[in-house]
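Read through the structure below, which is laid out as structure tokens, and then see the notes.
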Amino acid sequence: MLVQTHELCSVPSFDHDYGMEDYGKGVARWCPGCGGHSILTTVQRVCKDMQYEPEKTVVVSGIGCSGRFPHYMGTYGFHGLHGRAFPVASGVKFRRPDLNVFVVTGDGDCCSIGAAHWVHAIRYNMKMVALLFDNGIYGLTKKQTSPTSPMGTHSNTHPRGSVLPPINPIQTTLGLANVSFVAQTVDWNATHLYATIRKAAEHPGLAFVRIVQRCPAFMRDLYGDIAVNPKNLILLSHENGINLKPKAREAFGRVIEHDPSNIHKAREHAEIHDGIPIGLLYQNTDNARYDEYGAHNLGMGVKEKKQNLESLLNQYSTSNSVE
Ligand code: SF4
Ligand code: MG
């Protein structure tokens, strides 16, 4: 039952049966000030507002600080191998399309060892929410250059500064076949973070959300100034995008009207360097979804599969007997 709209953005809230306590578990052991804390609370809140049944919700992670996320959710979870969150989540969704699936991955996890899985998960476009925690560093292993570290980052692997240009995760995702949803937000703007993950949860396909994440332990200076001064954020706004109420929009230095159906403009905005553009860059709800085929056994029932297999085997037995 619709009861009200959210205080600062126009997404609806519902009368709840499940409360926040149904989605939480344990105490998150990330560093004080880590962006992971606000993302965790926001995902729990989205689950509550969507009234996801905890026993029908699965959070899959890889390795890294973000990998601990499923341990703090009162849902099912899978803390898997480095870079392998996407294939595990895809397997879950393919066989159980009725489940609500979240992928939690970091920049080292997704954009390095897991890059091949990231590419194909986007193409398969199974309905799930993929959250990229991008702090521009390997945090769990205490400060190595990651694929998204800005050039010149001083780290344990590059004490004199990293030398290669970083991967731009949203630009990369926008270039992949069958991409259907790409958004960007920041961990420290609770209103925008909530509205983005909520929009992602409602998307019929794979919703890829890059969350620019603070890591005060190892990248204190990377987003420090930007986080202190919200004027450095550029809000991408559109009636079909992530809409904030006027009071929340006032905090932004620039607002750009961007139609999320325009992938060419999305790619232009993904390249903005004099601030961080946040909002829905691209959405297409018509793309093919592989989980819809899985729900119907790739269009074949078990009986039909057996018949096909038997007729295939019979072909060989016939040709053998002829010889
Ligand atoms: Fe968060 Fe960085 Fe600490 Fe990891 S090392 S928990 S990313 S602040
Ligand atoms: Mg990282």
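Here, each number is a calculation from the coordinates, and none is a lab measurement. Model, not experiment: these values are computed from the prediction. Ideal geometry is used to build each Cβ from the backbone, glycine not excepted, and the neighbour counts take in all protein chains shown.
See the values below:
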| quantity | calculated |
| --- | --- |
| Whole-angstrom gap from segment 100-126 to segment 243-286, using each part's C-alpha centre | 22 |
| DSSP-defined beta bridges in the chain - what % are antiparallel, rounded to 5 | 25 |
| Amide H partners (placed H, <5 Å) of Ile256, local residues excluded | Leu235, Leu236, Ser237 |
| The chain - percent relative contact order, Cα under 8 Å, separation 6 or more | 16 |
| Fewest-first ranking of Cys111, Cys47, using other Cβ atoms within 10 Å as the exposure measure | Cys111, Cys47 |
| Principal-axis tilt of helix 190-202 within the chain, Cα atoms, nearest 10 degrees | 10 |
| Formal net charge of residues neighbouring Leu174 (Cβ-Cβ distance under 14 Å; K, R +1; D, E -1) | +2 |
| Full-stretch length increase - Glu292, Ile272 - with 0.36 nm per residue and alpha-carbon distance subtracted | 3.6 nm |
| C-alpha long axis of helix 115-124 to longest principal axis of the chain, angle in ° | 70 |
| Likely footprinting exposure, His82, His203, fewest C-beta neighbours within 10 Å first | His82, His203 |
| Karplus-derived HN-Hα couplings along segment 227-238 (A = 6.51, B = -1.76, C = 1.60, θ = phi - 60°), whole Hz, x at Gly and Pro | 5, 6, 10, x, 5, 7, 8, 10, 8, 8, 10, 6 |
| Linear extension gain, His37 paired with Val302, 0.36 nm per residue minus alpha-carbon span | 90.9 nm |
| Links that overshoot a 24 Å alpha carbon limit, given the list Lys56/Lys199; Lys25/Lys231; Lys142/Lys231; Lys231/Lys265; Lys56/Lys305 | Lys25/Lys231; Lys142/Lys231; Lys56/Lys305 |
| Base-10 log of normalised Debye intensity for the chain (one unit scatterer per alpha-carbon) at q = 0.09, 0.11, 0.13 Å⁻¹ | -0.47, -0.68, -0.93 |
| Estimated FRET transfer efficiency (Leu164, Ile256; beta-carbon r; R0 22 Å; 0.05) | 0.15 |
| Angle in degrees between helix 36-49 and the longest Cα principal axis of the chain, rounded to the nearest 10 | 60 |
| Proxy reagent accessibility, fewest Cβ within 10 Å first, across Tyr316, Tyr293, Tyr223 | Tyr316, Tyr293, Tyr223 |
| Per residue, the convex hull volume that the Cα atoms of segment 194-284 enclose (Å³) | 113 |
| DSSP-loop trypsin sites (Lys or Arg not before Pro) across segment 149-200, with at most 14 other Cβ within 10 angstrom | Arg160 |
| Between segment 27-75 and segment 128-160, the Cα center-to-center distance that results, in Å | 21 |
